[in-house]
Amino acid sequence: MMFYKFFTLKRGFFFICFLFFTVTNGQTIRAQESEFTLGTVCVVNLYERGTNELYRKIFRRIREIEEIMSANRAGTDLDRVNKQAGIMPVHVREELLYVVERALVYAQSSGGAFDPTIGPLVNLWGIGGDAAHIPGEKAIQDALSLVNWRDLIVDRQAGTLFLKRPGMALDLGAIAKGYAADEAARIIKEARIPGAIVDLGGNVFAYGEKEGSKPWRIGIQDPLENRGTFVGILEVRNKTVVTSGVYERFLQVGGKRYHHILSPQTGYPADTGLLSVTIIADRSIDADALATAAFALGYHAGRILVESVGGAAAIFLFENKTIRGTAPAMANFSLYNQGYRILP
Ligand code: AMP
Ligand code: MG
């Protein structure tokens, strides 16, 4: 939840723009609107074009996506698929098929480091919830045996999803926010708004340009500091910027942090020496999946994966406070925290 990140940062001071209202042609204009949905704080900034009607339309769409794809709410299409695991295929909305198909593309290209059937393991650890705990070895092995994207069957013709084995569970927490950000950006484009920021809990779409044809300045969270403290700034135009990191959701036990990106190989939080991975891309669904996949894969394989996707770039922050990135990402990145060191 880095929803302060797009505010201007100068010499270490944050200039936070407060909500302001103006009235033009009888319409109330609001620079920003936020709502708690998709399990996070979602903020949309339409600046001087922010009418109530357009905000309503965007948030209605985001809620609609949550009502289809949430793993934590009863009665969503995704929940119905999980309940029928091992029993029968379930008819779902076309857009869930689309998101699942994208998730499967990344499951395959990441060699299974990204896996949308990670549900049993996510539920077991419960990270971010009240029941979060370190599970026993047997429970981890049992949950792991139920994680395998190859046992998720998409039938486009019938419009169904099927999890082959009882106990399997879909979890789209690593990709659905990206899809929602793309949908918000689509509505903004259709409304012919020149520039806007959509921030769905750190999943940012910096749509169009800032006023005066300027690039957007997106802060990259320092994973070791409080929210809103940045390692550096990325300048982008009409791009999405998505970060997966150890700070987003975690369980702290005996000085050790257990974060929410789990390894479908070990059953434990992915331990690849990374603090975070930031992806810059054209589509947020790809950036969201890539950020989680690259984090779970680690730097070398993660970088190869990112570079295989057209228009995608990445910045990797390591536990030893070094930073590496692909050339197009680093060309637009300015380091603010000199405690970190950029490596080639
Ligand atoms: P993100 O913040 O986009 O990296 O997504 C993290 C969320 O995705 C977690 O809270 C889980 O719901 C889910 N998840 C955890 N590990 C994985 C994984 N290896 N592959 C796919 N989804 C995952
Ligand atoms: Mg993700």
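The values are calculated or read from the model by the stated rules, or taken from the named source; none is laboratory data. Everything numeric here is computed off the predicted structure, so don't read it as measured data. Neighbour counts are summed over all protein chains in view; Cβ atoms, including those assigned to glycine, are modelled from backbone coordinates with ideal geometry.
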Within region 221-235, the count of residues that are under 30 Å from Glu190 (Cβ atoms) and either within 16 Å of ligand 2 (Cβ to nearest atom) or surrounded by fewer than 23 Cβ atoms within 10 Å (Cβ to Cβ) (or both) comes to 2
Within region 252-281, the count of residues that are within 15 Å of the chain's Cα centre (by Cα), near ligand 1 (Cβ under 10 Å from one of its atoms) and not aliphatic (A, V, I, L, M) comes to 3
Of residues in region 162-188 being within 16 Å of ligand 1 (Cβ to nearest atom) and either over 30 Å from Val241 (Cβ atoms) or free of Cβ contacts under 8 Å to residues at least 12 places away in the same chain (or both), the one surrounded by the fewest Cβ atoms within 10 Å (Cβ to Cβ): Met168
Flagged in region 82-117 as part of a helix (DSSP H, G or I), in contact with a helix residue (DSSP H, G or I) (Cβ under 6 Å, 6 or more places away or on another chain) and aromatic (Phe, Trp, Tyr), in numbering order, are Tyr106
A careful count of residues in region 54-81 that are part of a helix (DSSP H, G or I), farther than 20 Å from Asp182 by Cβ and either touching a residue at least 24 places away in the same chain (Cβ under 8 Å) or in contact with a Cys (Cβ under 6 Å, 6 or more places away or on another chain) (or both) gives 1
Scanning region 140-179 for residues that are among the small types (Gly, Ala, Ser) and in contact with a Leu (Cβ under 6 Å, 6 or more places away or on another chain), the one nearest to ligand 2 (Cβ to nearest atom) turns out to be Ala143
Would you confirm, using the coordinates I've provided, whether Thr160 is under 14 Å from Val81 (Cα atoms), in contact with an Asp or Glu (Cβ under 9 Å, 6 or more places away or on another chain), of a type in the set (Ser, Thr, Tyr) and at pLDDT 95 or above? no
Against the conditions (1) exposed (fewer than 15 other Cβ atoms within 10 Å of the Cβ); (2) more than 19 Å from the chain's Cα centre (by Cα), where does Gln84 fall short? Just the number, please. (1)
